[in-house]
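J.: Below is the structure I would like to discuss, written out as structure tokens.
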Amino acid sequence: MINPAVIQAELKGPGALALRPASQVMDLERLGSLHQSRLSFMRTLVRRIMRERWKIEAVRLELDNDGYGTVVYRIQTPTCLYSFVLFSSYLAPEDRNDRVIATQWDLTMALCEGEVDEAYVEQLRQNVPKQEAGRVDARVFVLSRANRSARNFDYVVDQLASGAQPDLKRISQVGYLYRTTAVYGSGKLGMADWQKVAARHSDFARPFAAEMFTCFMLRNFSLTQVEHIAKARAPEQAVAMQPQIKRYFGIGNSTGLGMAPYLINHPLLISRWIEMRELALARIRAFGVPGTERLARFRTLAARAHQHTVEIVTEDAWQTGKNQQVIEDLAALKSHLAGQPLRDWNSLIAWAEQHCSLQGQEMVNSILLEVYPDLVDELEDYTCVGEHQDLAPGMSVSELKALIEERYRWALDIDFSAPRATETFWYRSQEKQEPRLGGSELDCGRAKQMPLGIGLRVVQCYQGLCDYAAQHPEHSCAYFLFLKPEYRGIVRRIQSLRHSLYGDIQANLLDQDVLPMHLLRCKLAFFGVSKFDPRSRLWVRNTMFQGAPLLDDIGQPFDDDWFLPLTPAIDTEDAR
Amino acid sequence: MRISLNELNATLKRSFEGMNYFVGTYEDAAQMVSWLEMHGEQGFGELERALAYVNDEDKAPVELLFEDASSAIVDCHGRSALNSLALVLDLAHAKALKAGIATLKVQHCHNRKFILKLLADCGRRGISMMAYWQNGTQPATEHVASISAGEQYPRYSEAVLKADCSPLEKQTMTLICSDRVNIAAQLMSSPNDRVSCRSVEPATFAATGLATLESGIEISEALWQTFNQLGEKVLVENTEASRQGAGGR
């Protein structure tokens, strides 16, 4: 493992590599243009599973002919034992709802510490299907639920039962059998706190590793279940799904606003994720040479990215336009690479910044990360960070003022007196505490808004600080906050982030035209999802683990090459 | 029932936010309560006894009455430690950075035991701090807590005083803070005016905290409901219009 001091030296100090500036990286639209990469959490999890050859087996598979029942998987890693418990129940079509306010689901599941006995499974059965209305204990790491894809599930069962494979054209429209609508961890509903998981279970001691694993297991169960139902329906005629088609099935995900506040409330963690991604890129820029093999790999992946983007299906006009731009960007990239020899990757990145859309630029960066696993993969061990925000009470008010002017120029330049600048507010509803957006159409709630308007809070603090500093320039922040305790939170945030390269998203999240979709997509890209399908500006469907190895692939040769998967060629008699 | 630390902090944050604690303060207050409970020092009991005082919107702001280079007197005007002590410790910290060591006298401050979490923060930030206070009348108790720079957990001693002993000053606290001297304070073992004395070492706090994380935090359903009800003030009524802001646009 690389010495952490090396990473620190690469990030800061006289020998630091040239990372992109926060003004560029933390722009909201650019964050909303990120794609999955080698450092995405699904990728790092799958690498670990495959390299450590986790042993995963169904020790209880009690499903009736319609696929309803109880399933328990036993997961043995090199260090620990876990259980994945899943309950499958009938759900009337009219009760199927992706929103957080739903109360029933097709599947509910829990990832647990250790072995589960019958009594514990019963205890889970009394609570897991209820989700937010139930309670679990600190043996549970993750709680989740999923609904069948109305477009795919029955169709795939019918096909397999009739002895046929699913039509890949149809599957490429929607690449999953189930869609998760919530994946809870980190102590919610009585579950184990992150501190426990991180301290005692190194298998899941990376951000969202347990949550991603739950989705990975769900995806594998969904494939088992359709085959089970098909076989029960037509024992003589049903066929198993071909492995390459199985791998093309991911797991759907439906994400709403609940994910957005996380990015604002965990600035040190988000900064660390972005630092590692940017450091990976900076390493490639500094040390990468576009020799024959690397360049050939880049071209192959760029062509794959082009085809992958062509295969994305969304009804959303905005996303369709963005995808079309990426397709054009990648076509232009191909011409550019054909036209002249490439001296270094910096010139390619500069070309992309001049000629490509933001999503196109970030696609080029994700592909570059893919070309250099030797420079990138070791950074996956540094995506965690202590999240203590500590005030620096001895800092003088003049220093604090200068710090704000240096790091928050983007906020000071916003005219918050403009009528549209504070039109939007973020709040929690009484309904399951669901985060929502409000505007002038909502006559109540503004007074109860969440403090997510960081730019506005910085500006308000700065104005108070300027008045105070004019009178007491030698005073420390402790005195300023004694008089103005309302700024304690924002001052602590500003001071805590001064040692981080990134952290605050440089946008006015209160603006009338703010697009929460960018926040959702940013976090989902770090998770490793693809095929974004916005359903409004407030929620998005996407696909997880498409192309990933299957449980049967564990222990087999693995080249970690499931980045931007393509529709596979089906093995049929016609094709042969 | 058992809850997680994360749930507890999130719920208490909403509770204190609902009492109009400032951003930055309500997070501190939540963690001050959960730290005590998690480390075996009855944070819930302390909070239940203090509920009448913690909603202190009507109280005057914390006031600096006097200071010189290395000392100060601060009046919390009857506020809870949850809504005042973090500011005071920051002042002590800032003064110690300049003077090497600083002494602060805190007046009219309730629920001072909650300082233990703030002391843990001081140690992590490289500051040594000691707090001494007396409390109550029947029976009166006295307390000292301290932490060395770089440590994660404080040392805490509590003694029950004999019936004829009553604190000279009520609701006060003495703080000594330094970035140069490690202050390791402990009540003396058996002075004549004490009925009993107990001490908690940093290692005990660490072990208790780990054990709590392992199995979760036990809380009565009634108290959990109380905390949740306090937090409901920050939630917005569910209406058809508000549902539009959750994805229906």
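J.: Looking at A:Ala280, A:Ala338, A:Ala303, A:Ala317 in this structure, which one is crowded, with 19+ Cβ neighbours inside 10 Å and among the hydrophobic types (A, V, I, L, M, F, W, C)?
T.: A:Ala280
J.: Okay, next question. Only one of these is open to solvent by 20 Å² or more (accessible area, probe 1.4 Å), of a type in the set (D, E, K, R) and more than 20 Å from A:Ala392 (Cβ to Cβ): B:Asp68, B:Asp75. Name it.
T.: After ruling out the rest, the residue left standing is B:Asp68.
J.: Show the residue pairs that are 6+ apart or on different chains and have beta-carbon atoms under 6 Å apart, the first residue being within the range A:101-118 and under 19 Å from A:Ala199 (Cα atoms), the second being of a type in the set (A, V, I, L, M) and part of a strand (DSSP E or B).
T.: A:Leu111/A:Val142; A:Cys112/A:Val140; A:Gly114/A:Leu81
J.: When the range A:265-276 is examined, which residues are found to be in contact with a Gly (Cβ under 9 Å, 6 or more places away or on another chain) and open to solvent by less than 10 Å² (accessible area, probe 1.4 Å)?
T.: Listed by number, the residues that qualify are A:Pro267, A:Ile270, A:Ser271, A:Ile274.
So that you can scan it fast, the table gives a plain yes or no per residue for (1) part of a helix (DSSP H, G or I); (2) surrounded by fewer than 21 Cβ atoms within 10 Å (Cβ to Cβ); (3) in contact (Cβ under 8 Å) with a residue 40 or more places away in the chain; (4) charged (D, E, K, R):
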residue	(1), (2), (3), (4)
A:Gly13	no, yes, no, no
A:Ala18	no, yes, yes, no
A:Ser23	yes, yes, yes, no
A:Ser33	no, no, yes, no
A:Ser37	no, no, yes, no
A:Arg43	yes, no, yes, yes
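Listed here are the residues, each with its yes/no results for (1) open to solvent by 10 Å² or more (accessible area, probe 1.4 Å); (2) of a type in the set (Lys, Arg); (3) over 10 Å from the mean Cα position of the chain (by Cα).
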residue	(1), (2), (3)
B:Leu82	no, no, no
B:Leu87	yes, no, yes
B:His93	yes, no, yes
B:Gly100	no, no, yes
B:Asn111	yes, no, no
B:Leu119	no, no, no
B:Ser128	no, no, yes
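J.: Determine which member of the set A:Ala392, A:Ala421 is assigned to a loop (DSSP other than H, G, I, E, B) and more than 13 Å from chain B (Cβ to nearest Cβ).
T.: Within the list A:Ala392, A:Ala421, the selection yields A:Ala421.
J.: Another question, then. Of all residues in the range A:160-213, which are within 14 Å of chain B (Cβ to nearest Cβ), touching a residue at least 60 places away in the same chain (Cβ under 8 Å) and polar (S, T, N, Q)?
T.: A:Thr181, the sole residue that qualifies.
J.: Go through (1) open to solvent by 40 Å² or more (accessible area, probe 1.4 Å); (2) under 27 Å from A:Arg20 (Cβ atoms) and name the single condition A:Arg420 misses.
T.: Only one criterion is unmet by A:Arg420, namely (2).
J.: If you don't mind, there's one more thing I want to ask. Considering only the range A:131-151, how many residues are outside any strand (DSSP E or B) and either within 24 Å of B:Leu213 (Cβ to Cβ) or modelled with pLDDT of 95 or more (or both)?
T.: Result for the range A:131-151: 8.
J.: Give the residues of the range A:320-331 that are among the aliphatic types (A, V, I, L, M), surrounded by 15 or more Cβ atoms within 10 Å (Cβ to Cβ) and farther than 17 Å from A:Pro534 by Cα, sorted by residue number.
T.: A:Ile327, A:Leu330 - these are the residues of the range A:320-331 that are among the aliphatic types (A, V, I, L, M), surrounded by 15 or more Cβ atoms within 10 Å (Cβ to Cβ) and farther than 17 Å from A:Pro534 by Cα.
J.: Let me ask something additional. Which condition from (1) more than 30 Å from A:Gln340 (Cα to Cα); (2) over 23 Å from the mean Cα position of the chain (by Cα) is the one that A:Val289 breaks?
T.: (1)
J.: Could you check the range A:455-485 and list, in sequence order, the residues that are away from chain B (no Cβ under 12 Å) and in a loop (DSSP other than H, G, I, E, B)?
T.: Hits for the range A:455-485 are A:His472, A:Pro473.
J.: Just checking, which of A:Arg488, A:Arg428, A:Arg492, A:Arg498 is more than 30 Å from A:Lys12 (Cα to Cα), among the basic types (Lys, Arg) and either within 11 Å of chain B (Cβ to nearest Cβ) or touching a residue at least 24 places away in the same chain (Cβ under 8 Å) (or both)?
T.: Among A:Arg488, A:Arg428, A:Arg492, A:Arg498, only A:Arg428 is more than 30 Å from A:Lys12 (Cα to Cα), among the basic types (Lys, Arg) and either within 11 Å of chain B (Cβ to nearest Cβ) or touching a residue at least 24 places away in the same chain (Cβ under 8 Å) (or both).
J.: Can you spot a residue in the range B:12-27 that is at the interface with chain A (Cβ under 8 Å from one of its Cβ atoms), open to solvent by 20 Å² or more (accessible area, probe 1.4 Å) and in a loop (DSSP other than H, G, I, E, B)?
T.: The answer is yes; a qualifying residue exists.
The values are calculated or read from the model by the stated rules, or taken from the named source; none is laboratory data. These figures come from a predicted structure and were not determined experimentally. When we count neighbours, we look across all protein chains shown, and the Cβ atoms used for this are built from the backbone with ideal geometry, even at glycine. Just so you know, the surface numbers come from the protein's heavy atoms only, side chains and all, with ligands and any DNA or RNA stripped out. Shrake-Rupley method; radii C 1.70, N 1.55, O 1.52, S 1.80 Å.
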